[in-house]
There are 2 protein chains.
Amino acid sequence: MALVVQKFGGTSVGSIDRIRNVAKRAIAAQKNGDDVVVIVSAMSGETNRLIKLAHEVVKVPDAREMDVIAATGEQISAALLALAIHEEGGKARSLLGHQVKILTDGAFTKARIKTIEGSKIFSTLKKGIIAVVAGFQGVDEHGDITTLGRGGSDTSAVAVAAAIGADACEIFTDVDGVYTTDPNVCPSARKIPRISYEEMLELASLGAKVLQIRSVEIAMKYGVPVHVRSSFNDAQGTWVTGEDKSLEDVVVAGVAFDRNEARVHVVSLEDKPGVVAELFGALADKNVSVDMIIQSVTKGASERADVTFTLGKADLVRAKPFIEEVAKRIGSTEVRYDEDVCKVSIVGLGMRSHAGIAARMFRILATEGINIQAISTSEIKVSCLIHQKYTELAVRALHDGFGLSKEKTEKADKA
Amino acid sequence: MALVVQKFGGTSVGSIDRIRNVAKRAIAAQKNGDDVVVIVSAMSGETNRLIKLAHEVVKVPDAREMDVIAATGEQISAALLALAIHEEGGKARSLLGHQVKILTDGAFTKARIKTIEGSKIFSTLKKGIIAVVAGFQGVDEHGDITTLGRGGSDTSAVAVAAAIGADACEIFTDVDGVYTTDPNVCPSARKIPRISYEEMLELASLGAKVLQIRSVEIAMKYGVPVHVRSSFNDAQGTWVTGEDKSLEDVVVAGVAFDRNEARVHVVSLEDKPGVVAELFGALADKNVSVDMIIQSVTKGASERADVTFTLGKADLVRAKPFIEEVAKRIGSTEVRYDEDVCKVSIVGLGMRSHAGIAARMFRILATEGINIQAISTSEIKVSCLIHQKYTELAVRALHDGFGLSKEKTEKADKA
């Protein structure tokens with residue numbers, strides 16, 4: 001007998017029929033002898049509908065009231081699922097964020113979970129009742145309703161699993177696991193049976209959308225085994241777990257890419273201490289996250305340097321005015337922007353013990369004639385910024401070059 | 001400076017534009033120097049949509065989960081109104097049932113309010129913020145969401161007004177006050193400027209739909225002055241208040257009618273002690289409310305009696321089987337049903353001190369050739385059951401006959 005948390009996203013509860021399927025799954029798990037907690041998102045489209053409604057009233061809705069409205073999406077789907085479980089002959093009870101209770105900070109629309117009380121869930125389970133918890137929502141210390149930001153239901157699920165010491169957190173979604181890369185871009189992509197938290201975190205940060213980054217952070221912090229799987233079939237998906245020997249042997253677990261960054265090139269600024277700090281300090285003050293940074297000294301008589309960095313395209317419009325203001329102040333002659341870029345990355349625990357992985361990546365890209373505009377590395381990943389038109393070519397070449405393609409891996413599995 | 005509670009029904013918040021109007025009204029009251037608490041219903045149609053959604057999942061939805069779903073209607077309209085008040089330059093904050101908190105019993109879908117805490121409302125008002133409270137909803141002692149039943153927002157409004165000691169509770173609705181009778185039936189109906197709680201209670205019980213009965217009971221119990229008025233203009237509506245000299249002079253305040261009752265005639269049962277008790281005891285056990293009751297001894301050798309009573313048409317289908325079962329057991333030869341009936345009633349505090357009002361009512365109906373099938377009376381009302389086809393005729397005749405028609409009353413007002 002295990003204690004399991006099952007999380008179903010908006011697509012999985014997108015219609016009454018699908019809600020019935022979720023009900024059957026939860027009941028099946030219970031009949032299997034497990035204590036079952038289900039976390040649900042709002043029905044697909046509902047959160048957008050609610051946000052639109054608020055925006056019809058006022059252009060920039062107050063965040064507190066926005067959360068009061070947005071939280072109704074999960075409130076409704078949790079109760080509908082409880083009803084569907086009744087209809088299928090099971091016992092269930094919906095629990096909202098303030099009922100559980102999921103205590104968060106007061107940062108409306110992007111709150112962070114502080115603590116989760118387990119008592120209401122445990123007393124529900126003890127009666128043989130499936131606890132259906134509304135995802136995405138919590139309550140702050142004043143009793144105000146908060147929400148966790150887009151994809152927040154993943155975070156709810158893993159945090160609840162951690163709080164109640166669940167044996168596993170199953171994330172049911174519309175894909176059947178985590179893939180070595182996006183199958184739409186690379187047909188030979190294959191499902192990864194097991195991946196470490198660190199790798200998953202890098203993949204999520206680098207553009208893979210299957211799990212919300214914060215949910216992986218929480219899973220890693222509390223050692224919650226996460227099973228990413230399809231809500232439409234019973235196949236095993238991908239287990240995200242702590243690392244062990246077998247995972248460390250994998251040099252490259254996956255290839256990720258992100259087309260949502262833009263490159264900024266600040267030309268010829270004074271090369272003296274504090275100049276770069278002023279530039280990035282100004283960006284940080286405006287809450288703009290910068291990703292890759294390269295500084296290069298310009299050849300010539302005067303001591304001048306160029307700085308290139310990347311940031312999210314979504315932030316670019318907002319950031320342009322003060323980038324240019326600071327650039328002028330620190331003596332730059334020109335700022336250039338390039339939105340036609342893509343960041344391709346390879347991720348793998350094995351990089352820590354295998355030398356020359358980055359060099360091999362650069363070689364593979366060079367062989368394809370792809371120029372590298374910027375590089376960043378961490379212990380378990382290497383990212384290269386390239387022209388966006390090479391995205392698919394680069395992803396396929398790296399996927400093949402690091403032996404991730406289907407046939408080879410199946411052989412490796414058998415070996 | 002006064003403390004006012006304003007309640008807006010579903011029609012008054014039925015669109016974004018109407019919500020804006022409500023926002024303007026609340027701000028105007030605040031600018032006038034008042035502390036303002038607004039209670040809102042769900043946008044018109046929303047509660048029905050939510051109930052339908054639940055019924056798509058299961059024919060008879062669990063009441064607890066039904067309330068979790070239904071409560072979202074008011075949650076959304078409260079937050080939207082708070083946003084609209086911001087947009088109009090005011091300060092507002094939505095408060096849900098569990099936040100206020102409005103503590104009820106655990107009778108889901110028809111909960112009764114036990115206590116209301118005022119502290120959250122007062123601390124909101126103290127900061128110059130308009131408190132927008134979600135109507136219709138509360139929370140039971142376990143923290144489960146409850147709703148108060150149809151029209152429950154009236155009850156929320158009056159109960160909140162009582163709890164915080166408001167100077168007035170304004171019920172904004174799509175009619176501009178309480179009328180002497182339904183203007184659709186009787187064009188000479190006029191708006192009543194002031195009416196007592198007792199009269200309002202009788203009128204509401206007898207079919208006038210302008211205020212929910214429980215809200216009037218609470219207003220009477222705690223002496224909350226209620227102002228029923230139009231949400232579409234600034235005209236004075238009807239004040240529902242405690243009685244005083246001037247109100248006692250009104251012999252008949254209004255004429256009500258109710259087409260939603262059915263007559264049941266249990267023919268020829270044994271006329272001995274306990275027989276009638278058995279019949280009505282059985283109905284009470286099944287939670288069927290009986291209204292008018294007449295017992296008549298049949299002429300003839302044997303000691304037998306007929307019993308006629310009325311009950312809500314909505315209950316009739318459900319009640320028929322056990323009415324007939326009991327009727328057989330107590331020796332009745334036949335049960336007859338008649339749904340083509342209407343109960344017309346006159347209501348007025350003055351009846352207590354004026355004799356012959358009932359007789360005058362019977363005379364007016366007789367003059368019109370209308371046969372009376374049953375009669376019931378209380379201290380301040382007389383009701384007659386008639387054939388439904390005479391409804392309009394009877395209402396107009398009584399309205400005229402008791403001097404309620406427009407012209408006369410205007411003269412009376414001037415006198």
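The values are calculated or read from the model by the stated rules, or taken from the named source; none is laboratory data. It should be emphasised that the depicted structure is a prediction, and the values quoted were computed from it without experimental measurement. Cβ coordinates were reconstructed from backbone atoms using ideal geometry, including for glycine residues, and neighbour counts include every protein chain displayed.
Output the residues belonging to region B:67-103 that are in a helix (DSSP H, G or I) and without any contact (Cβ under 8 Å) to a residue 60 or more places away in the chain.
Once the filter is applied, which keeps residues that are in a helix (DSSP H, G or I) and without any contact (Cβ under 8 Å) to a residue 60 or more places away in the chain, region B:67-103 yields B:Ile69, B:Thr72, B:Ile76, B:Ala78, B:Ala79, B:Ala82, B:Leu83, B:His86, B:Gly97, B:His98, B:Gln99.
Report, by residue number, each residue of region B:35-62 that is among the acidic types (Asp, Glu) and either over 29 Å from B:Ile130 (Cα atoms) or in contact with a Leu (Cβ under 7 Å, 6 or more places away or on another chain) (or both).
Of region B:35-62, the ones among the acidic types (Asp, Glu) are B:35, B:46, B:56, B:62.
Scanning region B:35-62 gives B:Asp35, B:Glu56, B:Asp62.
Mind listing whichever residues of region A:9-33 are surrounded by fewer than 20 Cβ atoms within 10 Å (Cβ to Cβ) and in contact with a Leu (Cβ under 8 Å, 6 or more places away or on another chain)?
A:Ile16
Does B:Cys186 satisfy being hydrophobic (A, V, I, L, M, F, W, C) and surrounded by 24 or more Cβ atoms within 10 Å (Cβ to Cβ)? Give the steps one after another, and end with the answer.
On the way: hydrophobic (A, V, I, L, M, F, W, C): yes; surrounded by 24 or more Cβ atoms within 10 Å (Cβ to Cβ): no.
The answer is no for B:Cys186.
May I ask you to list the residues in region B:233-265 that are in contact (Cβ under 8 Å) with a residue 60 or more places away in the chain, of a type in the set (A, V, I, L, M, F, W, C) and out of contact with any helix residue (DSSP H, G or I) (no Cβ under 6 Å at 6 or more places or on another chain)?
B:Val252, B:Val264 - these are the residues of region B:233-265 that are in contact (Cβ under 8 Å) with a residue 60 or more places away in the chain, of a type in the set (A, V, I, L, M, F, W, C) and out of contact with any helix residue (DSSP H, G or I) (no Cβ under 6 Å at 6 or more places or on another chain).
Would you check which residues across region B:236-278 are within 24 Å of the chain's Cα centre (by Cα) and closer than 30 Å to B:Ala327 by Cα and list them? Full working, then the answer.
Taking region B:236-278 first, the residues within 24 Å of the chain's Cα centre (by Cα) are B:236-244, B:247-248, B:250-263.
Listed by number, the residues that qualify are B:Phe257, B:Asp258, B:Arg259, B:Asn260, B:Glu261, B:Ala262, B:Arg263.
Is there a residue in region A:95-110 that is at positive phi and either among the hydrophobic types (A, V, I, L, M, F, W, C) or surrounded by 24 or more Cβ atoms within 10 Å (Cβ to Cβ) (or both)?
no
Given (1) of a type in the set (Lys, Arg); (2) more than 11 Å from every other protein chain (Cβ to nearest Cβ); (3) touching a residue at least 24 places away in the same chain (Cβ under 8 Å), identify the lone condition not met by A:Lys114.
The failed condition is (3).
Please verify whether A:Ala29 is at the interface with chain B (Cβ under 9 Å from one of its Cβ atoms) and either assigned to a helix (DSSP H, G or I) or under 15 Å from A:Arg150 (Cα atoms) (or both), treating the condition exactly as stated.
No.
In region B:49-89, which residue that is more than 30 Å from B:Lys31 (Cα to Cα) and of a type in the set (Gly, Ala, Ser) is farthest from the other protein chains (Cβ to nearest Cβ)?
B:Ala63
Just to check your reading of the model, which residue among B:Ile323, B:Ile293 is out of contact with any Asp or Glu (no Cβ under 8 Å at 6 or more places or on another chain), of a type in the set (Val, Ile, Thr), buried (at least 17 other Cβ atoms within 10 Å of the Cβ) and under 30 Å from B:Ala208 (Cβ atoms)?
Working: B:Ile293 fails: buried (at least 17 other Cβ atoms within 10 Å of the Cβ).
Going through B:Ile323, B:Ile293 in turn, the sole match is B:Ile323.
How many residues are closer than 28 Å to B:Arg194 by Cβ and surrounded by fewer than 16 Cβ atoms within 10 Å (Cβ to Cβ) when one looks only at region B:336-357?
Total meeting the criteria: 5.
State yes or no: is B:Val139 within 16 Å of A:Ile69 (Cβ to Cβ) and within 24 Å of the chain's Cα centre (by Cα)?
No: the conditions fail for B:Val139.
Mind checking which pairs have a first residue in region B:393-404 that is surrounded by fewer than 19 Cβ atoms within 10 Å (Cβ to Cβ) and a second that is at pLDDT 95 or above, Cβ under 8 Å, 6 or more apart or different chains?
B:Leu393/B:Glu368; B:Leu393/B:Ile370
Looking at region B:90-111 only, could you name the residues that are within 11 Å of chain A (Cβ to nearest Cβ) and either over 28 Å from the mean Cα position of the chain (by Cα) or among the acidic types (Asp, Glu) (or both)?
B:Lys91, B:Ala92, B:Arg93
Within region B:140-164, take every residue that is surrounded by fewer than 24 Cβ atoms within 10 Å (Cβ to Cβ) and not in a helix (DSSP H, G or I) and give me the one that is farthest from the other protein chains (Cβ to nearest Cβ).
Step by step, filter region B:140-164, then rank; the result is B:Gly151.
Conditions: (1) under 23 Å from B:Asp285 (Cα atoms); (2) among the hydroxyl-bearing types (Ser, Thr, Tyr); (3) within 30 Å of the chain's Cα centre (by Cα). B:Ser353 meets all but one. Number of the miss?
Among (1) under 23 Å from B:Asp285 (Cα atoms); (2) among the hydroxyl-bearing types (Ser, Thr, Tyr); (3) within 30 Å of the chain's Cα centre (by Cα), the lone unmet condition for B:Ser353 is (1).
So, of the residues in region B:294-339 that are touching a residue at least 40 places away in the same chain (Cβ under 8 Å) and under 23 Å from the mean Cα position of the chain (by Cα), which turns out to be nearest to B:Thr391 (Cα to Cα)?
Going through the qualifying residues, I end up with B:Glu339.
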